[in-house]
Amino acid sequence: MVAEVACGGRTLPVHLVCLGNADPGVPAVGFFAGVHGLERIGVEVVMAHLESLVRRLRWDSELNRQLEQLRLVFMPLVNPGGLWRGTRANPNGVDLMRNAPIESQESVPWLLGGHRISANLPWFRGREAAPMEIESQALCDVVRAELFGRPFSIALDCHSGFGATDRIWFPFAHSTRPIFHLPEVHALSQIFEDSHTHHRYVLEPQSRQYLTHGDLWDYLYTTSADDASSTFIPLTLELGSWLWVKKNPRQIFSREGIFNPLIEHRQKRVLRSHIAWLDFLTRAASSYRGWVPTGADRDRHLKQALNRWYGRPQR
Ligand SMILES: [Zn+2]
């Protein structure tokens, strides 16, 4: 347990589960979910992956060998108070994904981009100059302790509720500028697309959809980028819930239904299809030396990535 959250007279725990080698010299993957309390499906994806790994540890010698050279970190429910209350925000009304001390200098959408008007409105960042919320702080502490300072690490934060397709977002959310590790993200996309030819994800920088203030991953990424000896890539899985709404229009009348697939067989299919992505990230981190580009290869990935995602002509 890394934190305790007060919620309507109760105290709810924020759990952390770590598997594998704690040595900071080995790569790591962190799986996070439930930052937004309503988005239960992400929590279930991460829990299903953890459960399957723990079961396999009993017999799978290859997995045991992999974990001798890899750290896996799970924080499957960052905002237990939000889940308990069925709200996106935490019990203080703060949207944790708008809560980090990072400001967009560009034009963010009104309210959605994060604001300090009132905790009664969605996407509230918290009061000016207030410390980060307990849950946001716990997430940042875990990322710094477990993922920073390693030669290579990936974080995956699972969300739902945006758009009709499943998306994989990389930073920035606060700026349309490309990140320093854009070539690494492009190389990762390429090995994923090569080995999963029929995948249905849209891979893109979050800034292609909308900009926000206070994004926790932008904040963590910008502080990690000071350390040139390590590569930290935070990714967000955004499960496109509008598909489920289209298939079952009655869901639109239930607030929970917009964010979570309500029908059980559909939910199982959602879990199965995304576990392949979580498993891919684990393998990619394990074998990062085999695909992280260097030298001229890195320059080539940078050019291709700028062309693909930032609308710049190739030179
Ligand atoms: Zn979310």
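Where a number appears in this text, it was derived from the coordinates with a stated rule and is not lab data. The model shown is predicted, which means the values in this text are computed figures rather than measured ones. Here Cβ is always computed from backbone atoms with ideal geometry, including for glycine, and neighbour counts include all displayed protein chains.
Numerical summary
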| read-out | value |
| --- | --- |
| Region 39-111: GluC sites (Glu not before Pro) falling in loop per DSSP and having at most 15 other Cβ within 10 Å | GLU103, GLU106 |
| Expected 222 nm ellipticity per residue - DSSP helices of 4 or more, -39500 (n - 2.57), all of the chain, to 500 | -11500 deg cm²/dmol |
| DSSP loop chymotrypsin sites (Phe, Trp or Tyr not before Pro) with at most 10 other Cβ within 10 Å: longest gap in the chain | 111-315 |
| Nonlocal amide H pairs with LEU203, under 5 Å, H built at 1.01 Å | ILE168 |
| Cβ charges +1 (Lys, Arg) and -1 (Asp, Glu), total dipole of the chain, debye | 920 |
| Compactness index (Cα Rg / 2.2 N^0.38 Å), region 156-198 | 1.34 |
| Shape of region 14-60, Cα gyration tensor, a/c cut at 1.5 | oblate |
| For region 1-113, share of DSSP beta bridges that run antiparallel, in % to the nearest 5 | 65 |
| Under-5 Å amide H pairs with ASN99, H placed in peptide plane, nonlocal only | LEU216 |
| Dipole of region 91-217 [Lys/Arg +1, Asp/Glu -1 at C-beta], most positive-end residue of ALA164, PRO101, PRO183 | PRO101 |
| Calculated Rg and Dmax of the chain using C-alpha coordinates, Å | 18.8, 61 |
| In order through region 194-202: 3J(HN,Hα) via Karplus (6.51 cos²θ - 1.76 cosθ + 1.60), integer Hz, x for Gly, Pro | 5, 9, 9, 5, 9, 5, 10, 8, 9 |
| Nonlocal amide H pairs with THR231, under 5 Å, H built at 1.01 Å | PHE152, SER153 |
